[in-house]
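The values are calculated or read from the model by the stated rules, or taken from the named source; none is laboratory data. Keep in mind that this is a model prediction, so the values were computed, not measured. Every residue, glycine among them, receives a Cβ derived from its backbone with ideal geometry; neighbour counts consider all protein chains shown. Calculation scope for accessible area: heavy atoms of the full protein, side chains included, ligands and nucleic acids excluded. Shrake-Rupley method; radii C 1.70, N 1.55, O 1.52, S 1.80 Å.
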Amino acid sequence: MRLTFLGTCAGCEPMPDRHHTAFALEHDSDVYFVDAGETCSYTAHLAGIDLLATRAIFITHPHIDHVGGLANLLWTIGKLGGRVDPLALAQASPLVDVLISDHQVFEGAVELLGGTGFHHPHYDLQVQRPADGEVYASGEFRVTALHNEHMGTPEPGALWQSFSYLVEAGDRRVLFSGDFRHVSELDSLLDGVDLVLVETGHHRVEDICEHLAPRDLPGVGFIHHGRAILADADAELTKARAILGKRVFFASDGMQLDLATVVGSA
Ligand SMILES: [Zn+2]
């Protein structure tokens, strides 16, 4: 499984060399997006990721720094599909699942596309609301969702809006926190995880590192960087490594990891 960071910035104003949050996972010949911040499709395409192999898009929560690039991602898949032999395409990517807690936001993206004359004729879209438990399975690629309190606690009868995702492919496990209220919300998903990707848009690096330090985690990556990392990444990384050692890193836009070799043993 290969991971490509497409955007590593929290919901800040435009920052040099960083865009809002998204990453792509390539497993076998399939492609998955986790969050869809602003320029995710642009960066993915130029990184050589085959957008026509997109199987699913997992949105942690419907804030603009996580969905701002969704319409453009759907458009780019369609644009690239228009250049391919329809028969070949029918076998390549007939259905794209979109998991998102707020269907109005999804419909808004589709409406935006429709209003500009785009009807994604080259693939079908299927929208689903995440809930706690397994939300996606295709062969050995499986995704489990767990709600967090980033968007508050729902009123009785209402649904959770913000989720963390655990991705399993073969013997590799990657956990993405999404945005959360407290890092302890990840605890029940951490067992056996090879790499945990954690946001710092709302948290201090050292608090997260101290919480994770007792866990036997082979890899801890920071993504969705907040003000402290954006201002002085070197100083923050020094703090993080004083607690977690070399297993911690800060993701940058365009960074790629081969999960089979970089984290743990194949
Ligand atoms: Zn965010």
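If the condition is being surrounded by 12 or more Cβ atoms within 10 Å (Cβ to Cβ) and touching a strand residue (DSSP E or B) at 6+ places or on another chain (Cβ under 7 Å), then the stretch 109-131 contributes Tyr123, Leu125, Val127, Gln128, Pro130, Ala131. When the stretch 98-142 is filtered for residues that are within 17 Å of His63 (Cα to Cα) and either charged (D, E, K, R) or in contact (Cβ under 8 Å) with a residue 60 or more places away in the chain (or both), the ones remaining, listed by number, are Ser101, Asp102, Glu107, Arg129, Pro130.
Can you name the residue in the stretch 207-231 that is among the aliphatic types (A, V, I, L, M) and away from the ligand (no atom under 16 Å from the Cβ) and is also farthest from Asp187 (Cα to Cα) among such residues? Even if it seems obvious, please write down each step before you answer.
Step one: list which residues in the stretch 207-231 are among the aliphatic types (A, V, I, L, M), which gives 208, 212-213, 217, 220, 223, 228-231.
Filter once more, keeping what is away from the ligand (no atom under 16 Å from the Cβ): 212-213, 217, 220, 231.
Working: Leu212: 9, Ala213: 12, Leu217: 12, Val220: 14, Ala231: 29 Å.
Here the answer is Ala231.
Residue pairs whose Cβ atoms lie under 8 Å apart, separated by 6 or more positions or on different chains, with the first residue in the stretch 237-261 and among the hydroxyl-bearing types (Ser, Thr, Tyr) and the second part of a loop (DSSP other than H, G, I, E, B) and buried (at least 17 other Cβ atoms within 10 Å of the Cβ), are Ser252/Thr8.
Could you tell me which residue of the stretch 251-261 is surrounded by the most Cβ atoms within 10 Å (Cβ to Cβ), considering only residues that are in contact with a Leu (Cβ under 9 Å, 6 or more places away or on another chain) and in a loop (DSSP other than H, G, I, E, B)?
First, pick out the residues of the stretch 251-261 that are in contact with a Leu (Cβ under 9 Å, 6 or more places away or on another chain): 251, 253-259.
Add one more test, that the residue is in a loop (DSSP other than H, G, I, E, B), and what stays is 251, 253-255.
Working: Ala251: 23, Asp253: 19, Gly254: 15, Met255: 17.
Looking at the filtered set, the residue picked out is Ala251.
Condition check ((1) in contact with a Ser or Thr (Cβ under 8 Å, 6 or more places away or on another chain); (2) at positive phi; (3) surrounded by fewer than 23 Cβ atoms within 10 Å (Cβ to Cβ)) across all residues:
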site	(1), (2), (3)
Pro16	no, no, yes
Thr21	yes, no, no
Cys40	no, no, no
Leu51	yes, no, yes
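Scan the stretch 191-206 for residues that are under 17 Å from the mean Cα position of the chain (by Cα) and away from the ligand (no atom under 16 Å from the Cβ) and the total you get is 4. Evaluated against (1) more than 22 Å from Gly245 (Cβ to Cβ); (2) of a type outside the set (Val, Ile, Thr); (3) open to solvent by less than 20 Å² (accessible area, probe 1.4 Å), Ser177 falls short on exactly one condition, (1). Close Cβ contacts (under 8 Å, 6 or more residues apart or on different chains) running from residues in the stretch 224-235 that are without any contact (Cβ under 8 Å) to a residue 60 or more places away in the chain to residues that are within 13 Å of the ligand (Cβ to nearest atom) and in a helix (DSSP H, G or I) are absent. Scanning the stretch 146-157 for residues that are more than 16 Å from the ligand (Cβ to nearest atom) and within 22 Å of Asp207 (Cβ to Cβ) returns Leu146, Thr153.
For the stretch 23-38, what are the residues that are farther than 14 Å from Leu197 by Cα and open to solvent by less than 50 Å² (accessible area, probe 1.4 Å)?
Here is the first cut: in the stretch 23-38, the residues farther than 14 Å from Leu197 by Cα are 26-33, 36-38.
Across the stretch 23-38, the qualifying residues are Glu26, His27, Asp30, Val31, Tyr32, Phe33, Ala36, Gly37.
Go through the stretch 31-54 and report how many residues are under 17 Å from Leu74 (Cβ atoms) and in contact (Cβ under 8 Å) with a residue 40 or more places away in the chain. If you could, list the steps in order and put the result at the bottom.
Just the residues of the stretch 31-54 that are under 17 Å from Leu74 (Cβ atoms), to begin with: 31-45, 49-54.
So of that shortlist, the ones also in contact (Cβ under 8 Å) with a residue 40 or more places away in the chain come out as 32-35, 43-44, 49, 52-54.
Residues meeting the conditions: 10.
If you go through the stretch 158-178 and keep only what is touching a helix residue (DSSP H, G or I) at 6+ places or on another chain (Cβ under 8 Å) and either within 16 Å of the ligand (Cβ to nearest atom) or closer than 26 Å to Leu230 by Cβ (or both), you end up with Ser164, Val174, Leu175, Ser177, Gly178.
Take the conditions (1) on the phi > 0 side of the Ramachandran plot; (2) open to solvent by 10 Å² or more (accessible area, probe 1.4 Å); (3) within 16 Å of the ligand (Cβ to nearest atom); Gly139 misses just one of them, which is (3).
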